[in-house]
Protein chains: 2
Amino acid sequence: MRRQKYALGLDYGTNSCRALLVDLSDGTEMASHVFAYPTGEDGILLDPKDPNVARQNPADYITGAIECVKGVNRMARKSRKGFNAADIVGIGIDTTGSTPIPVDKNGTPLALLPKFSKNLNAMAWLWKDHTGHSEAAQITEVAAKMRPQYLAKCGGTYSSEWFWSKVLHCRNVAPDVFKAADSFVEHCDYMPALLSGDTNPKRLVRGVCSAGHKAMYCEEWNGLPDKAFLSKLDPALAPLRDRLFDKAVSADHLAGRLSEEWAAALGLQPGTAIAAGAFDAHMGAVGAGIREGVLVKILGTSTCDMMVMKANRKLADIPGVCGIVNGSILPDYYGIEAGQSAVGDIFLWFVNHLVPDSYGKTPDAKFINLAKAASRQKPGEHGLLALDWNNGNRTVLVDVRLSGLLLGQTLHTEAHEIYRALVEATAFGALTIIKRIEEYGVPIREIVNCGGLASKNPLLMQIYADVTGRPMKISRSDQTCALGAAIFGAVAAGREASGYDSIKEIQSAVSGVRTTVYQPNPANRKVYAEMYGLYHDLHDAFGTTTWSGRLNQVMKNMITLREKQRV
Amino acid sequence: MRRQKYALGLDYGTNSCRALLVDLSDGTEMASHVFAYPTGEDGILLDPKDPNVARQNPADYITGAIECVKGVNRMARKSRKGFNAADIVGIGIDTTGSTPIPVDKNGTPLALLPKFSKNLNAMAWLWKDHTGHSEAAQITEVAAKMRPQYLAKCGGTYSSEWFWSKVLHCRNVAPDVFKAADSFVEHCDYMPALLSGDTNPKRLVRGVCSAGHKAMYCEEWNGLPDKAFLSKLDPALAPLRDRLFDKAVSADHLAGRLSEEWAAALGLQPGTAIAAGAFDAHMGAVGAGIREGVLVKILGTSTCDMMVMKANRKLADIPGVCGIVNGSILPDYYGIEAGQSAVGDIFLWFVNHLVPDSYGKTPDAKFINLAKAASRQKPGEHGLLALDWNNGNRTVLVDVRLSGLLLGQTLHTEAHEIYRALVEATAFGALTIIKRIEEYGVPIREIVNCGGLASKNPLLMQIYADVTGRPMKISRSDQTCALGAAIFGAVAAGREASGYDSIKEIQSAVSGVRTTVYQPNPANRKVYAEMYGLYHDLHDAFGTTTWSGRLNQVMKNMITLREKQRV
């Protein structure tokens, strides 16, 4: 009998982390364990005086690794007789990002030192920390003048969520922390280093996913931004560059091997391969089976739309697309990342703030009844049109200074009609991204959805199929991020250990889609084509400075459509 | 001792009618009595198959007169020793409209005849009956070609709510009723005729308020629309013209004197003067003290904005203003009627459909808590901007094919913020009307508000003051329509009976404003001036065919304003 081989994926989300044990022969998800970060509010350290603050305690990451892996071990032993943790050939790790952690010379997070243990600025700076918004504006301004090529790769605007905005803000508001920091390490790079027993920031392996998408790293300009540029932002950043890194790698690289100490703590075999780290969405795309021609949509509070294209072909900068980084998803492929700033978050906002209790007492009950009532409507029957910009627009406008819009309400408009209009607005936003990517020469032949909304919201999936005119497939796994991480653990372990040569081979074995596929309904598609035209008018009128035209038709056409669809 | 003199106002609303007894020496409202129409749903006969149907049983009007006047008599005797109903010198009557009633040769409503007692089409056609919408479109089309002057006086579009749309629809769908109808009489004309004991449609006094605003009556073209025009609509309308009327009068005219029979039924003195009838909003404006330079705003589910201008001066047609009719409010003055299609109705819609129970269990409780929370906000702090078009736009766009719009919502926008934005939107709509009227040479020196919202919604009143930059006064009486009717009763009675020569004199005695005046706050006014500029951009972009421009500034300026106001 062939010996069983497993890989372990560790997935660090915003509020909790999860370990997933995958049988490499067929992708069976044998065991998983979730750990909610104990520090702060839902795992996030907030500042009541500043809503932009979002930090995390690095100690939670460490406790999480131990609890999750031990939990998975226990569950696997129960569910499969003769399970042996020594058969776990590799570990992959994904995290949120950009989530940089200030560390000392040994790579120890400053937050773990007594001196800084209560200092918010010494914690991990979570991806959604926006305290560096004025620094982001400064970086965009300086780059636009000095290094426009830096901006071209990240959609034209540097974000407050990204590495340099956070580091520079730390320098500005917490010079003591900045001074004590020998380096800043992304959460996704810190974890593999930690488990391998060597967190020395000079030596630890940095992933190209975080480096390329968030820290302006690119081989075209020899890595990180040059010192002249950094000095212009702040003279203290130039010397920091020497204490960061020269080279970043894709996640199929080995970051290290499990140390004796950590093997004992986790109950695993010392020497187990650990892959270089990357972001959750990028590894999730791999878990969902990404390959050329496949758009993977990760649908959650916001969305990530991921594509890959062979890096030996010429790929134009796609205006308005968040980032194009060689190797950020698959080695030797450009990783193309687009996304919508709010999708599930818009529905949550609506349910929490604007849905009366006649739809249900709890948010869950409200969602069920809203969907039930909205499903009974034909497209356009509500006469409503919305823009999905409650949290700005990431792709293709790259503009946080936009807002939501709802049009078409009468004296009879009901909450479930608005809910449907909001779902449709996010679908129109998704179609805008698809069109933009294809216009720049990247054909989309298949769409695979993952994330909570994909499996739990059939109304949304059908509307997406009808609006885009494309079948909507759903990833078989509910945990594509952790599954993707496990795939990288296996590939980093090498053929001898894992039995596989390539990511593609492992994907064939462990990834897949469900049998349920949402097919576009031709009649609905026609109505949505008309509504998309009007959405597009609003999109360009409110979202661009170059638009000129008429808007008088928007309300009238929606009223005409409403009357037609109600007959 | 001088003998007390009283006047009686009878006010027929949509769901109930009311009688009010007024002491003519000082306007003391001595007694009032309300009667809810017993037939149908809240007094309205509906058709479950057609939401456009809204009819009323004329029998309810008659019962209402008896119950209300008897009720007032009882209350007056209790509250004032020696009260003598013989001291009631005159009766005035206002009703909704256009509410035409098909009547036989004697002026008896067909609905009161056994043959038609169950026939919806033989009932009174309530103002908000919209069954004649295609007939309205036909009338607009034919008038635009043949008689553009007819349209110019009513804002450019003939409404389904008006006289000829209803009569023509009756002809189309109920030829038996149309054939049996010797004439059609407005509710406001029927009541004075009834009480005077002579409802003969050839003789009964017709009011110019209903004739001019709803039936295209104008002395410029010798009364009602000519036969050639009516024949073009339907050959049966030309002979009907002969059975309608040649002359319509203002409400200071005597319609008749109380018959012996009705005096006995009501407990009043036979021979008491009865004024010609008019609509509620028009008599309400008089009750609120209208005179040149005063804009009276009647704030309810929708609003009426009333002005007068001396008829010996030249007044241009004001584009987009519902109607300009000589004598419709005050004799020898042009009555100018503008209005917003929905104001209170928008708030009701929002509270009933989109406010969670965390604001309260009942609509009333929700209103209180929304207002409380919204009052704590500074203008623009919510970052929202709305268009008040959920029920179309009556003035100045005269377009029912428009809809609501809300812009600026984030992931944190709360219901009370939207409530405030909706109140502001109606204030911007009100300011648009004010500007239009003044642009055409009718200066507004004072604004008096009446109706439920004026006395019960201080947040709204303050916002209206801040948005318009003008003090908002509130009519002293809560029942300005019935008070206005009483004023007309007194003036129709003549000097000898009432002690007064003119409406102006009676207004000085009985009308007035409260001591509370909402003064514009200069800081808020400045913010609202900026927001009104953006509202105006949206207004013209979505509401006109001639607009061209940019809208990119709207969301951005609202975000900037929000940030400024939150500091």
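The values are calculated or read from the model by the stated rules, or taken from the named source; none is laboratory data. Keep in mind that this is a model prediction, so the values were computed, not measured. We place every Cβ from the backbone using ideal geometry, glycine too, and count neighbours over all the protein chains shown. Protein only, heavy atoms only, side chains kept; ligands, DNA and RNA dropped before computing areas. Shrake-Rupley method; radii C 1.70, N 1.55, O 1.52, S 1.80 Å.
Within the stretch A:354-366, the set of residues being open to solvent by less than 50 Å² (accessible area, probe 1.4 Å) and either without any contact (Cβ under 8 Å) to a residue 60 or more places away in the chain or of a type outside the set (Val, Ile, Thr) (or both) comprises A:354, A:356, A:357, A:359, A:360, A:365, A:366. For a quick check of your reading of the model, give me the residue pairs whose first member lies in the stretch A:320-343 and is part of a loop (DSSP other than H, G, I, E, B), whose second is acidic (Asp, Glu) and at pLDDT below 95, with beta-carbon atoms closer than 9 Å and at least 6 apart or on different chains. Pairs that qualify, where the first residue is part of a loop (DSSP other than H, G, I, E, B) and the partner is acidic (Asp, Glu) and at pLDDT below 95, are A:321/A:337; A:322/A:337; A:328/A:337; A:329/A:337.
Restricting attention to the stretch B:15-44, the residues that are open to solvent by less than 30 Å² (accessible area, probe 1.4 Å) and not aliphatic (A, V, I, L, M) add up to 5. Regarding the stretch B:155-163, can at least one residue be identified that is surrounded by 24 or more Cβ atoms within 10 Å (Cβ to Cβ) and assigned to a helix (DSSP H, G or I)? Yes, because at least one residue in the stretch B:155-163 is surrounded by 24 or more Cβ atoms within 10 Å (Cβ to Cβ) and assigned to a helix (DSSP H, G or I).
Does the stretch A:393-416 hold any residues that are under 20 Å from residue B:386 (Cα atoms) and more than 9 Å from every other protein chain (Cβ to nearest Cβ), and which are they? Those that are under 20 Å from residue B:386 (Cα atoms) and more than 9 Å from every other protein chain (Cβ to nearest Cβ): none in the stretch A:393-416.
Any residue at all in the stretch B:54-66 that's more than 16 Å from residue B:14 (Cβ to Cβ), surrounded by 22 or more Cβ atoms within 10 Å (Cβ to Cβ) and touching a residue at least 12 places away in the same chain (Cβ under 8 Å)? Checked against the condition, which is being more than 16 Å from residue B:14 (Cβ to Cβ), surrounded by 22 or more Cβ atoms within 10 Å (Cβ to Cβ) and touching a residue at least 12 places away in the same chain (Cβ under 8 Å), the stretch B:54-66 yields at least one hit. Within the stretch A:273-280, does at least one residue satisfy the condition of being surrounded by fewer than 21 Cβ atoms within 10 Å (Cβ to Cβ) and part of a loop (DSSP other than H, G, I, E, B)? Among the residues of the stretch A:273-280, not one is surrounded by fewer than 21 Cβ atoms within 10 Å (Cβ to Cβ) and part of a loop (DSSP other than H, G, I, E, B), which makes the answer no. For the stretch A:510-565, a residue qualifies if it is assigned to a helix (DSSP H, G or I), away from chain B (no Cβ under 11 Å) and open to solvent by 60 Å² or more (accessible area, probe 1.4 Å), and the qualifying residues are A:522, A:523, A:525, A:526, A:529, A:530, A:536, A:564.
Within the stretch B:380-392, the set of residues being at the interface with chain A (Cβ under 10 Å from one of its Cβ atoms) and either in contact with a Pro (Cβ under 8 Å, 6 or more places away or on another chain) or at negative phi (or both) comprises B:384, B:385, B:386, B:387, B:389, B:390, B:391.
Take the residues in the stretch A:191-206 that are touching a strand residue (DSSP E or B) at 6+ places or on another chain (Cβ under 6 Å) and crowded, with 24+ Cβ neighbours inside 10 Å; name whichever of them is farthest from residue A:329 (Cα to Cα). Only one residue fits best here, namely A:195. Taking the stretch B:164-181 only, how many residues are surrounded by fewer than 19 Cβ atoms within 10 Å (Cβ to Cβ) and either touching a strand residue (DSSP E or B) at 6+ places or on another chain (Cβ under 6 Å) or charged (D, E, K, R) (or both)? Qualifying residue count, the stretch B:164-181: 2.
If the condition is being touching a helix residue (DSSP H, G or I) at 6+ places or on another chain (Cβ under 7 Å), among the hydrophobic types (A, V, I, L, M, F, W, C) and within 12 Å of another protein chain (Cβ to nearest Cβ), then the stretch B:345-369 contributes B:346, B:347, B:350, B:351, B:354, B:355. Taking the criterion of being under 15 Å from residue A:252 (Cβ atoms) and either at pLDDT below 95 or not small (Gly, Ala, Ser) (or both), the residues of the stretch A:190-216 that qualify are A:192, A:205, A:206, A:208, A:209.
Look at the stretch A:439-462: where a residue is under 21 Å from residue A:282 (Cβ atoms) and a partner is hydroxyl-bearing (Ser, Thr, Tyr) and part of a helix (DSSP H, G or I), sitting 6+ places away or on another chain with Cβ atoms under 6 Å, you get A:450/A:480.
A quick yes/no check of all residues on (1) assigned to a helix (DSSP H, G or I); (2) of a type in the set (A, V, I, L, M):
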site	(1), (2)
A:10	no, yes
A:25	no, no
A:34	no, yes
A:51	no, no
A:54	no, yes
A:64	yes, no
A:77	yes, no
A:89	no, yes
A:97	no, no
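Counting only helices (runs of 4 or more DSSP H) that sit wholly inside the stretch A:207-264, those with at least 1 residues that are surrounded by fewer than 21 Cβ atoms within 10 Å (Cβ to Cβ) and not small (Gly, Ala, Ser) are A:227-233, A:237-242. Residues that are in contact with a strand residue (DSSP E or B) (Cβ under 7 Å, 6 or more places away or on another chain), open to solvent by less than 10 Å² (accessible area, probe 1.4 Å) and either farther than 17 Å from residue A:419 by Cα or of a type outside the set (Phe, Trp, Tyr) (or both) within the stretch A:452-473 comprise A:454, A:461, A:465, A:472, listed in sequence order.
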